[in-house]
Amino acid sequence: MTLKFLVLSSLALLTNAHMAAFHKAMYCFNGTASGQVNYNNDDPVSPLWMLKKSDYWFHHVNQCDDFPPAPGDFLELPAGSSFTVEVAANRGVTSLSFNGQFATDWGDGGNHPNDYSVANLAGAPLSSSGCIGNPNMHTQNQSMAAGTAFAISYQSDISQVTMDNLAVFTVRYNTPWKRVTSYDVPKDMPACPADGCTCAWVWIPNGCGEPNIYMQGFKCMVTGATSTTPIATPKPPVWCEEDQSTCTQGAKQILIWNQAEGNNIAVSGFDLSGNPKSPAYNSKCGFQDGEGFHALVAIGNVVSDTSPQEHRMTSLVHRPLPPQRLQQLLHHPHLLPPRPHQLLDRLHQLWRHRLLHHPHHLLHHLLHHLLHHT
């Protein structure tokens, strides 16, 4: 029996398989059998549903997190540029196995039309839920793919990574889709410790089957870093499709949903398209395509390219001012800080000290500021 026959027999089982991001710096790159290399590895692709945190966290349910990448293997994150992974149902259909001979544009090793959809399957199967079945991307077409993301923790030891130090730093809308997938890296990402950071690839499908989540780990390293501004403690995202002003601002946690414990979001009812709400790494939960460093810092933090004057003003945000200083700002609006969140902070202090006696005074000063600073 030839190697090619064995491989093709294994790949024939990919129908209804799920997806993971493959790279040599991933945990359980070679599988989860000690001392063995599984070139058809699909251990990280299984979905996570109604599990204890000790099982879903970094895919511990099958001990994936117990198999770190080889020493020195990092997923490099070039500050201000992008990086690439291969999103597939099996390592065997990536460039990382069999010299890439079974890799195609798609994550199942198959050939599908560019406008692949449930309306143009070109002979591929439908899933039991009426969606694209192979690869099992949990979507009807590219525009409905929910979005995937990477998060980073500045902890080198994966056992020290928590929800409070793992922050989403990049999002790619309308994925998973094709095998080769690139993600943007904010230019102001700070450097990792000498032993690297820990990253996670995460995804929540938009329906098309069991409402589960995906999470897998990587050893990662920010390269070309120039900023020293630390990433803020991330906060839980919220559903905000109907009103983007209610979205969580700044650094956000990954989404934990439909697990036995540790969920940080709950939804009910229907989204604006009329489908059951499903949290996702897109605008429905306040994530922007590509994201950026603004999504990693606390409101009021200073990024490395601010001017000295902006730095001084930003450092004052949330620091209470004496009433006489607030009175001075009231009579000299040009002294108000230039950035909107700083302005609102100052106006809020004026209101608290009863120096703005009516709501229309607040609006007057806001309009005055906008007229003179835009």
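Against the condition surrounded by 19 or more Cβ atoms within 10 Å (Cβ to Cβ), outside any strand (DSSP E or B) and of a type in the set (Ser, Thr, Tyr), how does Thr170 come out, does it pass? Against the criterion (surrounded by 19 or more Cβ atoms within 10 Å (Cβ to Cβ), outside any strand (DSSP E or B) and of a type in the set (Ser, Thr, Tyr)), Thr170 does not qualify. Return the residues of the stretch 186-206 that are touching a strand residue (DSSP E or B) at 6+ places or on another chain (Cβ under 8 Å) and surrounded by fewer than 18 Cβ atoms within 10 Å (Cβ to Cβ); say none if nothing qualifies. Result: Ala191, single match.
Does the stretch 115-153 hold any residues that are assigned to a loop (DSSP other than H, G, I, E, B) and under 27 Å from Gly286 (Cα atoms), and which are they?
Once the filter is applied, which keeps residues that are assigned to a loop (DSSP other than H, G, I, E, B) and under 27 Å from Gly286 (Cα atoms), the stretch 115-153 yields Cys131, Asn136, Met137, His138, Thr139, Gln140, Ala145, Ala146, Gly147.
Of everything in the stretch 212-241, what is surrounded by fewer than 19 Cβ atoms within 10 Å (Cβ to Cβ), out of contact with any Asp or Glu (no Cβ under 9 Å at 6 or more places or on another chain), part of a loop (DSSP other than H, G, I, E, B) and not polar (S, T, N, Q)? Give them in sequence order. Within the stretch 212-241, Gly224, Pro230, Ala232, Pro236, Val238, Cys240 qualify.
Here is a yes/no grid of residues against (1) more than 21 Å from the chain's Cα centre (by Cα); (2) polar (S, T, N, Q); (3) assigned by TED's automatic domain parsing to the domain that holds Ile204; (4) closer than 30 Å to Ala266 by Cβ:
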| residue | (1), (2), (3), (4) |
| --- | --- |
| Ser34 | yes, yes, yes, no |
| Asn38 | yes, yes, yes, no |
| Lys53 | no, no, yes, yes |
| Asp65 | no, no, yes, yes |
| Thr84 | no, yes, yes, no |
| Val87 | no, no, yes, yes |
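Under the condition of being at pLDDT below 90 and more than 27 Å from Val185 (Cβ to Cβ), the residues counted in the stretch 132-158 number 3. For the stretch 105-114, a residue qualifies if it is touching a Lys or Arg at 6+ places or on another chain (Cβ under 7 Å) and assigned to a loop (DSSP other than H, G, I, E, B), and the qualifying residues are Asp105, Gly107.
The values are calculated or read from the model by the stated rules, or taken from the named source; none is laboratory data. None of these values were measured; they are calculated from a predicted model. Cβ coordinates were reconstructed from backbone atoms using ideal geometry, including for glycine residues, and neighbour counts include every protein chain displayed.
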